[in-house]
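K.L.:
Attaching a single structure in structure tokens format; questions to follow.
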Amino acid sequence: MAHGGLYDQIGGGFARYSVDEKWFAPHFEKMLYDNAQLVSLFALGYSLSGSEKYRTVVYQTIEFLNREMRSQEGAFYSALDADSEGVEGKFYVWDYDEFVETVGKDGDFLVDFYGLTPEGNWESGQNILYCKESLESFATAKGMDPVWLRNIVPEYQEKLMAVRHKRIRPGLDNKIICGWNGLMIKALTDAYAVFSEKKFLTFALKCAGFLEQSMRVDNQLYRTYQKKKEMVPAFLEDYASVISGYLGLYQVTFDEKWLYSAQNLMSFVIDNFYDQQDSLFYYTDKKSHSLIARKKELFDNVIPSSNSVMASNLLIMGSILDRKSYLDIHHKMIDRVSSLIPPDPAYMSNWATAYSFSNFATAEVVIGGEQAEAHRKKLAAHFHPHKIMIGSTKESALSLLKNRIVPNDTKIYVCYNQTCQLPTSDPEVAIQQLTY
């Protein structure tokens, strides 16, 4: 996907979908929800593999979102159109001669690197930029130093972006959708956890601050924000994604404000969306009188099903807060749908993730003391598929932190089901205790 035309090779960000099986020719529309989820995925992929390509995708995509889809207030807009001047993809594709002129003689190797041909590799003699192979493989084949190539390519990308910037831009859908911004907060916290890039956290906090100020009244969220337009009440999808984003913020800052803000939203959702008889959540709250019937969203689509996100939220929040009632709802939800996962994994993949959290060892990494933030950075960047971060530099009411703040020292506890191994002051020792 990251090598294909689906990915904007010079500007960052993914198009909505590919029209062929090789990820080459995209439908050029760019959606916030796609890019948010892919930032999370590639950040996680980097923590496992250390792939420089994955790192580049995360940084470029966040830079694209900041540059082209972020409001002055810090929230993120919904989408960029596929068309400009009435032609799909015109903003993104390249005429061969224009490309060669832009990169110059010294950059002519980029013609092969990005797969351009004089007659065009796409419609109307135009070229979609894509990578036929990895940067390292290309460098080896051309007898180039891969380190030099990795450093020089961004310079040429800037030249190409400068030319592209002069073109007529695709239209911007400037709606701010609550749930999609929740996905973006989660993406930014996932990226910050792996890379410790300060601006990622700054973007996440700014976005969350906008939601709190402009799209939340008490514990009720609103679906969309657009100046001079009436806001409508949020759906389960919005609450689920925002709660997930706030839990992500807590785990990368240890600021309990975000944990308890998420808990207040959780209480509202349980009171207004939960069907105790069916052990699942309705998509709309019980105050939505205009609806003839209230549906439940069960299957994944372009966004994970809101019930599956809630199942994961309940487990994470229940573990941090030691709330049995949340864990009970989580397990009831998993029991309710577990038989549906094997026969239909394509539409139940996020349920499979929630199931794995429920049925495999989930590590509760507890850090208490003055160096909590420094230790958090090391442990958060270490790949573990089922890991929850809890910490503080001062006394906390959280049960896993009680009596674990030691003066002039920082202790790390790796726990499973609230039962902790011997504490250590060395993050490397704690990493060794994180088995999966």
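The values are calculated or read from the model by the stated rules, or taken from the named source; none is laboratory data. If you're wondering where the values come from, they're calculated on a predicted model, not measured in any experiment. As a convention, Cβ positions derive from the backbone with ideal geometry for all residues, glycine included, and neighbour counts pool all protein chains shown.
K.L.:
Could you please find all residues in the range 133-188 being outside any helix (DSSP H, G or I), out of contact with any helix residue (DSSP H, G or I) (no Cβ under 8 Å at 6 or more places or on another chain) and charged (D, E, K, R)?
P.N.:
Passing the criteria: LYS166, ARG167, ARG169, ASP173, LYS175.
K.L.:
List, please: which pairs have Cβ atoms under 8 Å, are six or more places apart or on different chains, and start with a residue in the range 215-231 that is under 14 Å from GLY182 (Cα atoms) and end with one that is of a type in the set (Phe, Trp, Tyr) and not in a loop (DSSP other than H, G, I, E, B)?
P.N.:
Listed by first residue and then by second, the contacts come to MET215/TYR222; MET215/TYR225; ARG216/TYR222; LEU221/TYR239.
K.L.:
Please pick out the residue among LYS411, LYS378, LYS394 that is part of a loop (DSSP other than H, G, I, E, B) and either of a type in the set (Lys, Arg) or touching an Asp or Glu at 6+ places or on another chain (Cβ under 6 Å) (or both). Show your work before the answer.
P.N.:
On the way: LYS411 fails: part of a loop (DSSP other than H, G, I, E, B); LYS378 fails: part of a loop (DSSP other than H, G, I, E, B).
Going through LYS411, LYS378, LYS394 in turn, just one is part of a loop (DSSP other than H, G, I, E, B) and either of a type in the set (Lys, Arg) or touching an Asp or Glu at 6+ places or on another chain (Cβ under 6 Å) (or both): LYS394.
K.L.:
Let me ask something additional. How many of the residues in the range 414-426 are assigned to a strand (DSSP E or B), surrounded by fewer than 18 Cβ atoms within 10 Å (Cβ to Cβ) and within 29 Å of the chain's Cα centre (by Cα)?
P.N.:
Residues in the range 414-426 being assigned to a strand (DSSP E or B), surrounded by fewer than 18 Cβ atoms within 10 Å (Cβ to Cβ) and within 29 Å of the chain's Cα centre (by Cα): 1 in total.
K.L.:
Filter the range 8-34 for residues that are surrounded by fewer than 24 Cβ atoms within 10 Å (Cβ to Cβ) and either part of a strand (DSSP E or B) or free of Cβ contacts under 8 Å to residues at least 12 places away in the same chain (or both) and give the result.
P.N.:
TYR17, SER18, VAL19, ASP20, GLU21, HIS27, MET31
K.L.:
Answer yes or no as to whether VAL242 is in the same structural domain as SER338 (by TED's automatic domain parsing) and free of Cβ contacts under 8 Å to residues at least 60 places away in the same chain. Spell out how you get there, then give the answer.
P.N.:
On the way: in the same structural domain as SER338 (by TED's automatic domain parsing): yes; free of Cβ contacts under 8 Å to residues at least 60 places away in the same chain: no.
The answer is no for VAL242.
K.L.:
For the range 359-389: of the residues being acidic (Asp, Glu) and within 22 Å of the chain's Cα centre (by Cα), which is surrounded by the most Cβ atoms within 10 Å (Cβ to Cβ)? Quick ask: steps written out before the conclusion?
P.N.:
Taking the range 359-389 and keeping what is acidic (Asp, Glu), we get 364, 370, 373.
In the following step, the residues that additionally are within 22 Å of the chain's Cα centre (by Cα) were identified as 364, 373.
Working: GLU364: 22, GLU373: 14.
That would be GLU364.
K.L.:
Go through SER51, SER84 for me and flag whichever is over 18 Å from ASP173 (Cβ atoms), small (Gly, Ala, Ser) and either outside the structural domain of SER214 (by TED's automatic domain parsing) or crowded, with 21+ Cβ neighbours inside 10 Å (or both).
P.N.:
On the way: SER84 fails: over 18 Å from ASP173 (Cβ atoms).
Unique residue meeting the criteria: SER51.
K.L.:
Could you tell me which numbered condition SER51 fails, if it satisfies all but one of (1) of a type in the set (Gly, Ala, Ser); (2) within 17 Å of PHE195 (Cβ to Cβ); (3) touching a helix residue (DSSP H, G or I) at 6+ places or on another chain (Cβ under 6 Å)?
P.N.:
Checking SER51 against (1) of a type in the set (Gly, Ala, Ser); (2) within 17 Å of PHE195 (Cβ to Cβ); (3) touching a helix residue (DSSP H, G or I) at 6+ places or on another chain (Cβ under 6 Å), the one that fails is (3).
K.L.:
Follow-up question, since we're still on this one. Is it the case that ILE341 is closer than 19 Å to VAL242 by Cα, of a type in the set (A, V, I, L, M, F, W, C) and at pLDDT 95 or above? Steps first, answer last, please.
P.N.:
Values: closer than 19 Å to VAL242 by Cα: no; of a type in the set (A, V, I, L, M, F, W, C): yes; at pLDDT 95 or above: yes.
Here the answer is no, as ILE341 does not meet what is asked.
K.L.:
Turning to a different aspect of this structure: Would you check which residues across the range 260-289 are under 15 Å from TYR326 (Cβ atoms) and among the β-branched types (Val, Ile, Thr) and list them?
P.N.:
Matches in the range 260-289: VAL269, ILE270.
K.L.:
Let me ask you something else. Specify which of the listed residues (VAL217, VAL242) is under 30 Å from ILE367 (Cα atoms) and of a type in the set (Val, Ile, Thr).
P.N.:
On the way: VAL217 fails: under 30 Å from ILE367 (Cα atoms).
Matching residue, one of VAL217, VAL242: VAL242.
K.L.:
Within the range 59-92, which residues are closer than 19 Å to LYS206 by Cα and touching a Leu at 6+ places or on another chain (Cβ under 9 Å)? Break it down into steps so the answer makes sense when it comes.
P.N.:
Our first condition is that a residue be closer than 19 Å to LYS206 by Cα; within the range 59-92, this holds for 59, 61-78.
Hits for the range 59-92 are THR61, ILE62, LEU65, GLU68, MET69, GLY74, ALA75, PHE76, TYR77, SER78.
K.L.:
Among the residues of the range 62-80, is any modelled with pLDDT of 95 or more, surrounded by fewer than 22 Cβ atoms within 10 Å (Cβ to Cβ), closer than 26 Å to TRP148 by Cα and within 15 Å of the chain's Cα centre (by Cα)?
P.N.:
So far as the range 62-80 goes, yes, one or more of its residues are modelled with pLDDT of 95 or more, surrounded by fewer than 22 Cβ atoms within 10 Å (Cβ to Cβ), closer than 26 Å to TRP148 by Cα and within 15 Å of the chain's Cα centre (by Cα).
K.L.:
Test LYS324 against the criterion of being under 30 Å from LYS394 (Cβ atoms), in the same structural domain as MET348 (by TED's automatic domain parsing), surrounded by fewer than 23 Cβ atoms within 10 Å (Cβ to Cβ) and basic (Lys, Arg), and give yes or no. Can you show your working first?
P.N.:
Values: under 30 Å from LYS394 (Cβ atoms): yes; in the same structural domain as MET348 (by TED's automatic domain parsing): yes; surrounded by fewer than 23 Cβ atoms within 10 Å (Cβ to Cβ): yes; basic (Lys, Arg): yes.
Against the criterion (under 30 Å from LYS394 (Cβ atoms), in the same structural domain as MET348 (by TED's automatic domain parsing), surrounded by fewer than 23 Cβ atoms within 10 Å (Cβ to Cβ) and basic (Lys, Arg)), LYS324 qualifies.
K.L.:
Further, regarding this structure: Quick check on my filter: what residues within the range 122-145 are surrounded by 16 or more Cβ atoms within 10 Å (Cβ to Cβ) and free of Cβ contacts under 8 Å to residues at least 12 places away in the same chain?
P.N.:
ALA139
K.L.:
What about VAL100, is it modelled with pLDDT of 95 or more, of a type in the set (A, V, I, L, M, F, W, C), farther than 30 Å from GLU212 by Cβ and surrounded by fewer than 19 Cβ atoms within 10 Å (Cβ to Cβ)?
P.N.:
Working: modelled with pLDDT of 95 or more: yes; of a type in the set (A, V, I, L, M, F, W, C): yes; farther than 30 Å from GLU212 by Cβ: yes; surrounded by fewer than 19 Cβ atoms within 10 Å (Cβ to Cβ): yes.
Considered against the rule, which asks whether it is modelled with pLDDT of 95 or more, of a type in the set (A, V, I, L, M, F, W, C), farther than 30 Å from GLU212 by Cβ and surrounded by fewer than 19 Cβ atoms within 10 Å (Cβ to Cβ), VAL100 comes out as yes.
K.L.:
Do we have ALA82 as under 20 Å from VAL93 (Cα atoms) and small (Gly, Ala, Ser) here?
P.N.:
Numbers: under 20 Å from VAL93 (Cα atoms): yes; small (Gly, Ala, Ser): yes.
Yes; evaluated as a whole, the condition is true for this residue.
K.L.:
Does PHE268 meet the test of being assigned by TED's automatic domain parsing to the domain that holds TRP351, on the phi < 0 side of the Ramachandran plot and at pLDDT 95 or above?
P.N.:
On the way: assigned by TED's automatic domain parsing to the domain that holds TRP351: yes; on the phi < 0 side of the Ramachandran plot: yes; at pLDDT 95 or above: yes.
Against the criterion (assigned by TED's automatic domain parsing to the domain that holds TRP351, on the phi < 0 side of the Ramachandran plot and at pLDDT 95 or above), PHE268 qualifies.
K.L.:
Out of curiosity, is THR393 closer than 22 Å to LEU259 by Cβ, polar (S, T, N, Q), in contact (Cβ under 8 Å) with a residue 12 or more places away in the chain and crowded, with 16+ Cβ neighbours inside 10 Å? Talk me through it step by step, then tell me what you get.
P.N.:
Details: closer than 22 Å to LEU259 by Cβ: yes; polar (S, T, N, Q): yes; in contact (Cβ under 8 Å) with a residue 12 or more places away in the chain: yes; crowded, with 16+ Cβ neighbours inside 10 Å: no.
No; evaluated as a whole, the condition is false for this residue.
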